[in-house]
1. Are there any pairs, at least 6 apart or on different chains, whose C-beta atoms fall under 9 Å, with the first in segment 187-204 and touching a residue at least 60 places away in the same chain (Cβ under 8 Å) and the second buried (at least 19 other Cβ atoms within 10 Å of the Cβ) and assigned to a helix (DSSP H, G or I), and if so, which?
2. Checking Ile25 against (1) farther than 18 Å from Val122 by Cβ; (2) in contact with a helix residue (DSSP H, G or I) (Cβ under 6 Å, 6 or more places away or on another chain); (3) not in a strand (DSSP E or B), only one condition comes out false. Which one?
3. Can you tell me which residue within segment 193-211, out of those that are part of a helix (DSSP H, G or I) and among the small types (Gly, Ala, Ser), is surrounded by the fewest Cβ atoms within 10 Å (Cβ to Cβ)?
4. Just give me the residues in segment 162-189 being in a helix (DSSP H, G or I) and either assigned by TED's automatic domain parsing to the domain that holds Ser117 or of a type in the set (A, V, I, L, M, F, W, C) (or both), in sequence order.
5. Which condition does Asn60 not pass, out of (1) touching a helix residue (DSSP H, G or I) at 6+ places or on another chain (Cβ under 6 Å); (2) farther than 26 Å from Ala209 by Cα, if it passes all the others?
6. Only residues that are exposed (fewer than 15 other Cβ atoms within 10 Å of the Cβ) and either touching a Cys at 6+ places or on another chain (Cβ under 9 Å) or of a type in the set (Gly, Ala, Ser) (or both): list them for segment 152-192, please.
7. Look at Val21 and say whether it is under 15 Å from Gly101 (Cβ atoms) and either surrounded by 15 or more Cβ atoms within 10 Å (Cβ to Cβ) or not assigned by TED's automatic domain parsing to the domain that holds Val106 (or both).
8. Restricting the search to segment 80-110, which residues are surrounded by 22 or more Cβ atoms within 10 Å (Cβ to Cβ) and small (Gly, Ala, Ser)?
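The values are calculated or read from the model by the stated rules, or taken from the named source; none is laboratory data. Keep in mind that what you see is a predicted model, and the values were worked out from it rather than measured. Backbone-built Cβ (ideal geometry, glycine too); neighbour counts: all protein chains shown.
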Amino acid sequence: MPSTLIHVVLADDHPVFRHGVTSLIADSGEIVVVASVETGAAAYRAIVQHEPDVAILDINMPEMNGVTVLRHLARTGTRTQAIMLSVYESRVYIDQAFEAGARGYVLKRSAFQNIASAVRAVHAGGIYLDPALPERTAPHRRLSSSVDEAACSTLSERERDILRFVAFGFTSKEVADRLGATPKAIETQKARACTKLGLASRAQIVQFAILQGWLHGEIPLR
């Protein structure tokens, strides 16, 4: 068992579903549910009280829906990362979730297969999109400056790999270890790629990676 467990608050208004998810992620040996609640208001209070690593929120709950919970939490400066549970595959709902601050989106029909992977991914600093989601529904975020398609085509395979790892939350040292390079070389190549694309921050790298469809599925293993 890992020395440090991932603490989770789970919010869903169906007790049987909550029990199933709680049992499933507990079996992983690395995730523990510190609070299980059935309303949005209770979810907000539990997250503020427990300050979990990850919050799993149903998009539809009594009193306050999952998106509204995230919008309220944004004002608190919480470091809790959020995963949205949803029955909806429409891009409208996915966009709302990510714009509110979610780092993961899991369909309830495949939650038992994917929720543990989603928790690990967002806890590690990455983004998780349910593999069952059609690629066309990937969330869309506007970059502060448009990324020219011609500029995208100038990226080398190594530069693409580096940007994808950065979007998933890897440090330069971790990327260097995986690609057999030095952290300085990774920083240089990342800077070159960002210059080509007009990206000025990690947030914009994440947005670009989403638009390219690079973040579907599970985070690459460290």
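1. Gln204/Cys194; Gln204/Leu197
2. Failing condition for Ile25: (1).
3. Top of the filtered list is Ala203.
4. Ile162, Leu163, Phe165, Val166, Ala167, Val175, Ala176, Leu179, Ala185, Ile186
5. (1)
6. Of everything in segment 152-192, those that are exposed (fewer than 15 other Cβ atoms within 10 Å of the Cβ) and either touching a Cys at 6+ places or on another chain (Cβ under 9 Å) or of a type in the set (Gly, Ala, Ser) (or both) turn out to be Ser153, Ser156, Gly180, Ala191.
7. No.
8. Ala82, Ser86, Ala97, Ala102, Gly104
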